[in-house]
Every structure is written in structure tokens, then in C-alpha cells.
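See below for the structure under consideration.
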Amino acid sequence: MNNASGKIGEDYAAELLSEKGYQIMERNYHSRFGEIDIIAENEEYIVFAEVKTRDEHFSVSPLEAVTVGKQRKIYKTALLYLQQHKTKLQPRFDVIGITTQSDAFTVKSVEYIQNAFSGGGYY
């Protein structure tokens, strides 16, 4: 994946979340532990979304790229965010896998997994 396709994927994912009724609160939120691609809210959840974009010819699916180590970094970053931004919303960790066509950087498919992982065991 290059930066252009990653940006296309994140833009597409943000639009998808907006269409589902979420308000985008942050994009590319950084902490000393890592980065969260999109932080969004609706009336029930604060969603920490990891977006992985891969070319259709890539050998590993976008979802497989969200390793346990990456999940741990996202969880720690989310904890820091929640300490700084108090909320009564239920936290949720979603993963959005986007596959693009290599010729035109157009989105070929989207896999959206809500509650893809929990923070259990990542303390």
C-alpha cells in the first residue's frame, strides 16, 4: 500500500461511517503508543476504527494486517484518548478493510467488522 491508496481508503471509510450516522471526531489521532485512523461517535458508541487498504493483488487481506500487536497499540491509544475526552458512550473497536483496483485506485470491495476486537488482555 502506498500513501495515496491509504488516503483513499481512509476517506472512503470516513464517508461510510458518516453515511451510517456517525460523526467523525478525529482522523489520524496520534499518541505515544500509536495512531487511530478514525474516531467517530453516534448516540450509543465511540468507535475507534482501524482502516487497512490493500491493492487487489496484495497477498495478505486488509483484515489480516490488523495484528494483535496493532490491536494493542490501538487500545492503548484509545485509553489515552478517553482519558483526555470524557464520554459516557460505549467504546468499540471496528476494522474496515478496503481492497482497491491497482489501475485506478478505485475501491473494489469493503469489509467492515464492528466490534472486531476488545481491549481484554491488553492492559
Put +1 on the Cβ of each Lys and Arg and -1 on the Cβ of each Asp and Glu in the stretch 15-123; which of M25, V66, L79 then has its Cα farthest toward the positive end of the dipole? L79
Given springs between every Cα pair under 10 Å in a Gaussian network model of the chain, which of A40, A78, A65 has the largest fluctuation? A65
Beta bridges by DSSP in the chain, antiparallel share as percent, to the nearest 5: 60 percent
In nm, the gap between the two label points placed 7 Å beyond Cα toward Cβ at V60 and E43 is 4.0 nm
Placed amide H near I46: partners under 5 Å, 5+ positions off or other chain: Q90, R92
Filter on K20/K70; K7/K86; K20/K88; K20/K73; K52/K76 - keep pairs with C-alpha separation over 23 Å: K20/K70; K7/K86; K20/K73
Give me the angle, in degrees from 0 to 90, between the Cα long axis of helix 68-84 and the longest principal axis of the Cα atoms of the chain, rounded to the nearest 10. 50 degrees
What do you get for chymotrypsin sites (Phe, Trp or Tyr not before Pro) in the stretch 1-73 restricted to DSSP loop and a cutoff of at most 13 other Cβ within 10 Å of the site's Cβ? none
Length-normalised contact order of the chain in % [C-alpha pairs under 8 Å, at least 6 apart]: 24 percent
Give me T99, T67, T87, T53 ranked fewest to most by other Cβ atoms within 10 Å of their Cβ, as a rough exposure proxy. T67, T87, T99, T53
How big is the charge dipole of the chain about its Cα centre, in debye rounded to the nearest 20, if each Lys and Arg gets +1 on its Cβ and each Asp and Glu gets -1 on its Cβ? 600 debye
Per residue, the convex hull volume that the Cα atoms of the chain enclose (Å³): 98 Å³
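Laboratory data are not the source of any read-out in this text; all were calculated from the coordinates shown. These numbers come from a predicted model, not from an experiment. FYI the Cβ positions are ideal-geometry reconstructions off the backbone, even for glycines, and counts take in every protein chain you see.
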